[in-house]
1. Using Cα-Cα distances under 8 Å and only pairs 6 or more residues apart, what relative contact order does chain A have, in percent?
2. Could you please rank B:32, B:88, placing first whichever residue has the fewest other Cβ atoms within 10 Å of its Cβ?
3. Quick check: Cα centre of the stretch A:89-112 to Cα centre of the stretch B:37-106, how many Å?
4. Using θ = phi - 60° and the Karplus form 6.51 cos²θ - 1.76 cosθ + 1.60, what ³J(HN,Hα) does each residue of the stretch A:82-92 get, whole Hz, x for Gly and Pro?
5. Place +1 on the Cβ of every Lys and Arg and -1 on the Cβ of every Asp and Glu in chain A, take the dipole about the Cα centre, and give the residue among A:13, A:91, A:44 whose Cα lies farthest towards its positive end.
6. In nm, give the distance between the simple-model label positions of residue B:28 and residue A:112, each being 7 Å from the Cα along the Cα-to-Cβ direction.
7. In debye to the nearest 20, how big a dipole does chain B give about its Cα centre with +1 on each Lys and Arg Cβ and -1 on each Asp and Glu Cβ?
8. Compute the relative contact order of chain B as a whole-number percentage, counting only Cα pairs closer than 8 Å that sit 6 or more residues apart in sequence.
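Every read-out reported here was derived from the displayed coordinates using simple, explicitly stated rules and does not represent laboratory data. Everything numeric here is computed off the predicted structure, so don't read it as measured data. Note that each Cβ is placed from the backbone with ideal geometry, even for glycine, and that neighbours are counted across all protein chains shown.
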Amino acid sequence: DSGVTQTPKHLITATGQRVTLRCSPRSGDLSVYWYQQSLDQGLQFLIQYYNGEERAKGNILERFSAQQFPDLHSELNLSSLELGDSALYFCASSGTLGYGYTFGSGTRLTVV
Amino acid sequence: GENVEQHPSTLSVQEGDSAVIKCTYSDSASNYFPWYKQELGKGPQLIIDIRSNVGEKKDQRIAVTLNKTAKHFSLHITETQPEDSAVYFCAADDTGGFKTIFGAGTRLFVKA
């Protein structure tokens, strides 16, 4: 157990639907990062939050949004889902900026 | 923004041999270079990291080297074991350290 909790582990949904992925960071970590990993692909950065504020944005689609709540957990919302959104979505957390991340075990999203 | 290239994409070695994975980065302002190991069905796990003020770092059978002038860094695994089989990602922080950019990954197979 890495200390970063992601739920659900698996999600199967239909095209056009909306889903919410949840992440609880490791205790004490203020930063949360979301990454997308498609089949046999690398880790694509989506978005970062630090203590409730958005700090950096990657190639995140307009259909996707995220937020970090006062208790530091984060949610990634994916809407108008397309087949190509099927992927593993990882959340990671870190304490101080510029240090290594602790990753959760991911949410596997399948859009059918 | 930062771009990280990683080679090779696949590496197969005999148990006991050494494995070397090489990466290059584009942002000369990057100063933190972590390496992650991802086993099947799990999230990436930080295995070693190096900062720009250090040229080499070792931790048991793994070592990382950094050449800031050439913007190259490498992971060396000696005396490989079957449990070293996994996907390895190099990474570099972007300017400001607000996010980490990952290489495309190297799938390492260690044959017993």
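1. This gives 38 percent for chain A.
2. Listed from fewest to most nearby Cβ atoms, that is B:32, B:88.
3. 17
4. Values per residue, Gly and Pro as x: 10, 4, x, 7, 4, 5, 8, 10, 10, 10, 9 Hz.
5. A:13
6. For the pair residue B:28/residue A:112, the computed spacing is 5.4 nm.
7. Here the size comes out at about 100 debye.
8. 38
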